[in-house]
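One structure is given here, and the rest of the page talks about it.
The values are calculated or read from the model by the stated rules, or taken from the named source; none is laboratory data. Everything numeric here is computed off the predicted structure, so don't read it as measured data. Every residue, glycine among them, receives a Cβ derived from its backbone with ideal geometry; neighbour counts consider all protein chains shown.
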Amino acid sequence: MKKIAFLFGALLLAYIIFFDLNVGTIPTKHIATVAKASNSEKKSNSLPKYEKVQVKNGDTVLGIIESLNPDYSQPISQITKDFSNLNSGLSPTKIQAGKSYKFPIYSSQK
């Protein structure tokens, strides 16, 4: 009986890993394809517009940025780079509840 339970658990784990690698777990409702701008169009030293937000318990950088930019998307690598640049090199994983940070605004409506 233990062998059957172990086999079932191993198959379930394999399926979960397969599903996560092929489909993913990040919601794609608001994700749009973003074309990379050529190097001549990008300004390497310019920082994006930002809004200062106080972080609450359970908030994440991506969650806050998604709420600030509901109709616009950037690659996660660009979001983390912009967040770090706006906050003096602070890693997005090091935010603390109760403190205020600068979050990039990507939509042209704000």
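Worth pointing out:
- Residues in region 1-36 that are surrounded by fewer than 10 Cβ atoms within 10 Å (Cβ to Cβ), among the β-branched types (V, I, T) and modelled with pLDDT under 50: T33 alone.
- Flag: L62 matches the condition of being of a type in the set (A, V, I, L, M) and more than 13 Å from P48 (Cα to Cα).
- For N39, the conditions (1) surrounded by 10 or more Cβ atoms within 10 Å (Cβ to Cβ); (2) modelled with pLDDT under 75 are fulfilled apart from (1).
- Of all residues making up region 69-93, the number that are loosely packed, with under 11 Cβ neighbours inside 10 Å and either part of a helix (DSSP H, G or I) or touching a residue at least 40 places away in the same chain (Cβ under 8 Å) (or both): 3
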